[in-house]
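The values are calculated or read from the model by the stated rules, or taken from the named source; none is laboratory data. Model, not experiment: these values are computed from the prediction. So basically every Cβ, Gly included, is an ideal-geometry build from the backbone, and we count neighbours across all protein chains shown. Surface accessibility is based on the protein's heavy atoms, side chains included, excluding ligands, DNA and RNA. Shrake-Rupley method; radii C 1.70, N 1.55, O 1.52, S 1.80 Å.
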Amino acid sequence: MDISMYKKLGRNDKCWCGSGRKYKACHEAFDDKVLRYSMEGHIIPDRDMIKTKEQLDGIRESSKINIAVLDYVAGKIKEGMATEEIDRMVYEETMRLGGIPAPLHFDGYPKSVCTSINDQVCHGIPSEDVILKKGDIVNVDVSTAYKGYFSDSSRMFCIGEVSDEAAKIVRVAKECMEKGIEQVKPWKFLGDMADAVHSHALANGCSVVRDIGGHGIGLEFHEEPFVSYVTRKGTEMLMVPGMVFTIEPMVNLGTCEIFIDDGNGWTAYTDDGKLSAQWEVTVAVTEDGCEILTY
Ligand code: MF3
Ligand code: CO
């Protein structure tokens, strides 16, 4: 574990957090507390995972656009629409609001949004050839850059009437996300959050994808840490105020195993062809709990 960055400052030095205050009046006690956790063998966040007030303000502004774009899609999405049309809406509405769609050209990703239907787990690529039809469940995953700050959220949409199974996986995935959010508090662990997500999925006879997870976010689209939703209580990284990450468990009706589309190198599918659903929020750890930035 790299604790070198927690090297002590002089008590009268300016604090590392950029507040301009003296270290002893700012983050000294905080650092001592974090280091105690490290000494007990826990994984602790690097300082650059702890956002300043200015950075949180920026991420909050980005998040406002992010939700507005999803709200816009929510008002328009319907049976018979090509997923390419969702891509167009996300691109145009994001730009109109002064943002940039973060997925576009990210690692070579070709579109502005991910649209993942039925047994597609995530990273479905919008296309003129993919038409939403009655009974489909579709995840629309919007990620936004605004003035260098990033935000990320996704929702499920049911196209017309859907099967009981489809309605169930959409509901359970949403509940899993909510159970996770409830566990986001300073001085708890990412594993506490993951355990709540995973337990709820298992209790409903569903599984949670292990190979793809969430991520830190804010100054980049994908930052450390990797966020798993299948780890155990009391394990994984300590949560401290100022950390920002996504809660985005992918919940499957059958097996948790997935495969990636050979043709496009992006889209993940369930191995058994059964349904998958996902809801996503960006959260910040606060002094006494959590702020949901994209809801
Ligand atoms: N919320 C998704 C993620 O964090 C968005 C992926 S966009 C892509 O993985 F460009 F990476 F596909
Ligand atoms: Co994400």
Inter-centroid distance (Cα atoms) of region 211-243 relative to region 270-295, Å
11
Percent accessible area from carbon and sulfur atoms, region 22-294, protein chains only, probe 1.4 Å
49
THR235 accessible area, nearest 10 Å², 1.4 Å probe?
50
In degrees, nearest 10, the alpha-carbon axis of helix 83-96 is tilted away from the dominant principal axis of the alpha carbons of the chain by 40
Remind me, relative contact order of the chain in percent, using alpha carbon pairs under 8 angstrom and six or more residues apart?
19
Ranked by GNM mean-square fluctuation in the chain (Cα springs under 10 Å), the top entry among ASP152, ASP71, ASP164 is ASP164
Debye log10 I(q)/I(0) for region 89-199, one point scatterer per Cα, at q = 0.11, 0.20 Å⁻¹
-0.46, -1.13
If you build a Gaussian network model of the chain, linking Cα atoms that sit under 10 Å apart, which residue out of SER19, SER116, SER228 swings the most?
SER19
Just to be sure I understand: with springs between alpha-carbon atoms less than 10 Å apart, which residue in MET39, MET81, MET193 has the highest mean-square fluctuation in the Gaussian network model of the chain?
MET39
By what distance, in whole Å, do the Cα atoms of region 22-294 stretch along each of the three principal axes, largest value first?
61, 43, 31
Compute the angle between helix 28-39 and the longest alpha-carbon principal axis of the chain, please, reported from 0 to 90 degrees and rounded to the nearest 10.
70
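How charged is the neighbourhood of GLU54? Take every other residue with its Cβ under 12 Å from the Cβ of GLU54, and add Lys/Arg as +1 and Asp/Glu as -1.
+2
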Distance between region 32-52 and region 116-177 - C-alpha centres, whole angstrom
35
Starting from the residue with the highest accessible area, list GLU61, GLU280, GLU223, GLU128 in decreasing order, probe 1.4 Å.
GLU128, GLU61, GLU223, GLU280
Accessible area of region 22-294 divided out per residue, in Å², using a probe of 1.4 angstrom:
41
Hey, if we sort HIS215, HIS27 by accessible area with the 1.4 Å probe, largest down, what's the order?
HIS27, HIS215
